[in-house]
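Asker: Pasting in a structure now, in structure tokens, and then I'll have a few things to ask.
The values are calculated or read from the model by the stated rules, or taken from the named source; none is laboratory data. Worth saying up front: this structure is predicted, and the values here are computed from it rather than measured. As a convention, Cβ positions derive from the backbone with ideal geometry for all residues, glycine included, and neighbour counts pool all protein chains shown.
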2 protein chains.
Amino acid sequence: MKPSTPGFSFDIVATDASARSAVFDTPHGRVATPTFMPVGTQGTVKTLSPDEVADSGAQMVLANTYHLLLRPGPETVAALGGLHEFSRWPRAMLTDSGGFQAYSLAAASPSFPQRPLVQHAEDGFLFKSHLDGTLFSLTVERAVLVQGLLGADVQMQLDVCPPADAPREVVEEAVLRTTRWARRALSTSRPARQALFGIVQGGCFADLRAAHAADLAALPFDGLALGGFSVGEPIERMHETLRDVAPKLDPDRPRYLMGVGTPRDLIRAIGAGIDMFDCVLPTRNGRNGQAFTRSGRIVIKQAQWREDGRPLDDQCACPCCARRFSRAFLRHLYLAGEILPLRLLSLHNLHFYAELTRGARRAIEENRYAEWAQATLAQMGENP
Amino acid sequence: MKPSTPGFSFDIVATDASARSAVFDTPHGRVATPTFMPVGTQGTVKTLSPDEVADSGAQMVLANTYHLLLRPGPETVAALGGLHEFSRWPRAMLTDSGGFQAYSLAAASPSFPQRPLVQHAEDGFLFKSHLDGTLFSLTVERAVLVQGLLGADVQMQLDVCPPADAPREVVEEAVLRTTRWARRALSTSRPARQALFGIVQGGCFADLRAAHAADLAALPFDGLALGGFSVGEPIERMHETLRDVAPKLDPDRPRYLMGVGTPRDLIRAIGAGIDMFDCVLPTRNGRNGQAFTRSGRIVIKQAQWREDGRPLDDQCACPCCARRFSRAFLRHLYLAGEILPLRLLSLHNLHFYAELTRGARRAIEENRYAEWAQATLAQMGENP
């Protein structure tokens, strides 16, 4: 079933075993997949300007509904013209439903060490803001309404994401409730030209995942996501489940693996047939002084870079490498507590992720994905 | 006496009463004066990239010798090609001598509440690093050597800067010692094509200032600075002294007022005949959420901007205003603790300062400086 919301289409360009190269058209432009979405939690990709994010090669970003619901509030964003206008991001954008953070962040906040009033009931979530304890209710319908006000191109349905160690019965119940919520989300009206993706749960139980994927495939979602991965399970278990489940997701719609991951995770998940990713890793690690490069990771504070005049990666075209900022200078600035290296490393990492997905697309189109994946991992010093 | 170091020249373009428009040529390009130098303490203007600083209209930046002496060390900077190469700053650059921070910062550090071993003797300063307590010695000759290794275009002599409330005898002694240090600095060899400026002290004693200015004018410095202002004295006393002293500084060399100031301070000091300024204000205030605009200051966190879709200044050509980031978005990001608004406000403020000095130059060249100054201050809601 193809995406049915006006303004959206998804067309496969090439396949190579399970991997696919495709184009996902949105009202804010074309997204070539596989693609990586930088995370702009508060409406901004941390430390970077929208121009820099776009120039890095990012075609689509993710913003967090939970954070924007709390501050500045969806009505304020709507009054200012919606997220694109508010944040000056010209390309495609997706919002998550807010459910994951409502559950994990509000519940886990050190500001509210007493178990906060987080109810996760048939209607949705009742939670206290991690900022000031204000009580919020996030029902399935309200998640659609809030994301409608935010006005991104793609909404995500509210879902139930059980923890990694949840027993099978809990995961089964999460799957069933997520399906009920899927139907409710689809029957809630949302702005024209705003797509809605469903979310497949099922933990690392391949049979639950496959059944849920089939259930959701029957519904008129514009895309299908895999939620509930990267929540603490061993990464090999995720990949094992992915290899089995990803190829079973309806091939006519974008397949989105939420919250993943490292360059190695992307390479392997693309091989399993995933089209879209989001993760804080390239920007968070950038802010923590870590750069991803073709030949592995660089921890910029290490003494070995003290007098190293080389850029992070001399084949990289990002502003940090192209302008020849040296490892020594970046290290100096990082140790001095300056903001510039956090920007430069974040930017470099986003360029690296964009270049990685570009390389994957090219390899798929040239029918040499497995070979490319192996060579790329080997060069980074990673296991295949 | 004109600047005598090869690679440097200073030529008056126009004068209007005491105000001057001039060109100061350096090995890294021409600086049109009056000019404002953003401060890049650690070799970077905080939050900004060198490209952004250059695009803001800054023609010359200042780096702090004290900070670079401590970390990464002048030998490291030299091994990496000097400050221009190290920091990727393509235009003119000046380093201070480090004395002011050695005295004020090392002494004032909360990490060393016990009075640290700061000696201020005939040879220079002996001080403990505010970072880790390491003992450093900064003599007149070592200040020249260190600044030579850093390799900026302009060095500053080591000087003695008494506190604002110092009695006349202390200021007199500081003046005498600064003159002795001036001679020692000039007779210490430094790299070719690196200028050296002398520093006039004398506090707010106009007669001491005038006498010291005459003493230093007799020495072959490439420029003359006024130090020891903006150290806590009432700002009106500074301007009163400036009106008297600035016009007496040798007109054939650049006149540099160190560590000043607000837009109003610049406008008034330019009127008194000052050519160069440096100050952390536009970037520090930017990081604290304050924007300078044609019509006064904007404190971005204020509730009045909550749903304000206007840019900071709709006549401003800086990236923040030209890309139409709204006050509402900047406020949201600032309250959310994001880095982007610190960048955007810093950048906006540097554009504002550059535009202010451009306006001053134009007004001087058109012989209407007093009128321009009055109108500009009135529009900002400031007293003349």
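Asker: Would you check if B:Ala17 is surrounded by fewer than 24 Cβ atoms within 10 Å (Cβ to Cβ) and under 30 Å from B:Glu371 (Cβ atoms)?
Answerer: yes
Asker: Go through (1) more than 30 Å from B:Ala19 (Cβ to Cβ); (2) over 26 Å from the mean Cα position of the chain (by Cα); (3) not small (Gly, Ala, Ser) for B:Asp314 and report which single condition fails.
Answerer: Of everything listed in (1) more than 30 Å from B:Ala19 (Cβ to Cβ); (2) over 26 Å from the mean Cα position of the chain (by Cα); (3) not small (Gly, Ala, Ser), B:Asp314 misses just condition (1).
Asker: In the set B:Leu94, B:Leu62, B:Leu69, which member is surrounded by 17 or more Cβ atoms within 10 Å (Cβ to Cβ), within 14 Å of chain A (Cβ to nearest Cβ) and either touching a Ser or Thr at 6+ places or on another chain (Cβ under 6 Å) or modelled with pLDDT of 95 or more (or both)?
Answerer: B:Leu69
Asker: Sticking with this one: Go through the range B:27-53 residue by residue and tally those that are facing chain A (nearest Cβ under 9 Å) and either within 12 Å of the chain's Cα centre (by Cα) or buried (at least 24 other Cβ atoms within 10 Å of the Cβ) (or both).
Answerer: Residues in the range B:27-53 being facing chain A (nearest Cβ under 9 Å) and either within 12 Å of the chain's Cα centre (by Cα) or buried (at least 24 other Cβ atoms within 10 Å of the Cβ) (or both): 6 in total.
Asker: Output the qualifying pairs, or none if there are none: Cβ atoms under 9 angstrom, residues six or more apart or on different chains, first residue in the range B:353-366 and on the phi < 0 side of the Ramachandran plot, second residue assigned to a helix (DSSP H, G or I) and among the hydroxyl-bearing types (Ser, Thr, Tyr).
Answerer: If the second residue must be assigned to a helix (DSSP H, G or I) and among the hydroxyl-bearing types (Ser, Thr, Tyr), the pairs left are B:Leu356/B:Thr376; B:Gly359/B:Thr376; B:Ala360/B:Tyr369; B:Ala360/B:Thr376; B:Ala363/B:Tyr369; B:Ala363/B:Thr376.
Asker: If A:Arg361 satisfies all but one of (1) within 14 Å of chain B (Cβ to nearest Cβ); (2) within 21 Å of A:Ser56 (Cβ to Cβ), what's the number of the condition it fails?
Answerer: Against the list (1) within 14 Å of chain B (Cβ to nearest Cβ); (2) within 21 Å of A:Ser56 (Cβ to Cβ), A:Arg361 comes up short only on (1).
Asker: On to the next question. How do the pairs read when you match residues in the range B:11-36 that are over 18 Å from B:Glu366 (Cβ atoms) and assigned to a strand (DSSP E or B) with residues anywhere that are at pLDDT 95 or above and basic (Lys, Arg), using Cβ under 6 Å and keeping only pairs 6 or more apart or on different chains?
Answerer: B:Gly29/B:Arg91
Asker: To continue, here is another question. In the range B:133-170, which residues are among the polar types (S, T, N, Q), in contact with a Leu (Cβ under 8 Å, 6 or more places away or on another chain) and in contact (Cβ under 8 Å) with a residue 24 or more places away in the chain?
Answerer: Residues satisfying the conditions are B:Thr134, B:Gln155, B:Gln157.
Table: residues versus (1) buried (at least 18 other Cβ atoms within 10 Å of the Cβ); (2) closer than 30 Å to B:Pro90 by Cβ.
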{"residue": "A:Ala291", "(1), (2)": "yes, yes"}
{"residue": "A:Gly296", "(1), (2)": "no, no"}
{"residue": "A:Gly309", "(1), (2)": "no, yes"}
{"residue": "A:Pro319", "(1), (2)": "yes, yes"}
{"residue": "A:Ala322", "(1), (2)": "no, yes"}
{"residue": "A:Arg331", "(1), (2)": "yes, yes"}
{"residue": "A:Ala373", "(1), (2)": "yes, no"}
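Asker: Continuing with this model, one more query. Is one or more of the residues making up the range A:167-178 buried (at least 18 other Cβ atoms within 10 Å of the Cβ) and at pLDDT below 90?
Answerer: no
Asker: Ok, one more. So is A:Val53 part of a helix (DSSP H, G or I), within 20 Å of A:Thr262 (Cα to Cα) and outside the structural domain of A:Ala322 (by TED's automatic domain parsing) or not?
Answerer: Answer is yes for this residue.
Asker: Of the residues in the range B:232-242, how many are in contact (Cβ under 8 Å) with a residue 40 or more places away in the chain and either assigned to a helix (DSSP H, G or I) or over 18 Å from the mean Cα position of the chain (by Cα) (or both)?
Answerer: The total comes to 0.
Conditions tested, residue by residue: (1) among the polar types (S, T, N, Q); (2) under 23 Å from A:Arg306 (Cβ atoms).
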site	(1), (2)
B:Phe24	no, no
B:Phe36	no, no
B:Thr44	yes, yes
B:Met60	no, no
B:Thr76	yes, yes
B:Leu83	no, yes
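Asker: Of the conditions (1) modelled with pLDDT of 95 or more; (2) in contact with a helix residue (DSSP H, G or I) (Cβ under 6 Å, 6 or more places away or on another chain); (3) among the hydroxyl-bearing types (Ser, Thr, Tyr), A:Ser129 clears all except one; give me its number.
Answerer: Checking A:Ser129 against (1) modelled with pLDDT of 95 or more; (2) in contact with a helix residue (DSSP H, G or I) (Cβ under 6 Å, 6 or more places away or on another chain); (3) among the hydroxyl-bearing types (Ser, Thr, Tyr), the one that fails is (1).
Asker: Among the residues of the range A:72-91, count how many are under 22 Å from A:Leu126 (Cβ atoms) and either part of a loop (DSSP other than H, G, I, E, B) or at the interface with chain B (Cβ under 8 Å from one of its Cβ atoms) (or both).
Answerer: Within the range A:72-91, residues that are under 22 Å from A:Leu126 (Cβ atoms) and either part of a loop (DSSP other than H, G, I, E, B) or at the interface with chain B (Cβ under 8 Å from one of its Cβ atoms) (or both) number 2.
Asker: Could you give me the residue pairs with C-beta distances under 6 Å whose first residue belongs to the range A:278-291 and is under 21 Å from A:Leu257 (Cβ atoms), whose second residue is part of a helix (DSSP H, G or I) and of a type in the set (Phe, Trp, Tyr) wherever it lies, and which are 6+ apart or on separate chains?
Answerer: A:Pro282/A:Tyr353
Asker: Next question. Take the conditions touching a residue at least 12 places away in the same chain (Cβ under 8 Å) and within 30 Å of B:Pro319 (Cα to Cα) and apply them to B:Val61. Does it pass?
Answerer: Yes, satisfied.
Asker: Can you tell me which residues in the range B:243-257 are in a loop (DSSP other than H, G, I, E, B) and either surrounded by 24 or more Cβ atoms within 10 Å (Cβ to Cβ) or within 18 Å of the chain's Cα centre (by Cα) (or both)?
Answerer: Those that are in a loop (DSSP other than H, G, I, E, B) and either surrounded by 24 or more Cβ atoms within 10 Å (Cβ to Cβ) or within 18 Å of the chain's Cα centre (by Cα) (or both): B:Leu249, B:Arg253, B:Pro254.
Asker: Kindly indicate whether B:Arg327 is farther than 30 Å from B:Asp244 by Cβ, surrounded by 19 or more Cβ atoms within 10 Å (Cβ to Cβ), modelled with pLDDT of 95 or more and not assigned by TED's automatic domain parsing to the domain that holds B:Ala19.
Answerer: The answer is yes for B:Arg327.
Asker: Going by what's in this entry, would B:Leu266 be described as of a type outside the set (Val, Ile, Thr), outside the structural domain of B:Thr241 (by TED's automatic domain parsing) and either touching a residue at least 60 places away in the same chain (Cβ under 8 Å) or farther than 19 Å from B:Ala363 by Cβ (or both)?
Answerer: For B:Leu266, the condition - of a type outside the set (Val, Ile, Thr), outside the structural domain of B:Thr241 (by TED's automatic domain parsing) and either touching a residue at least 60 places away in the same chain (Cβ under 8 Å) or farther than 19 Å from B:Ala363 by Cβ (or both) - is not met.
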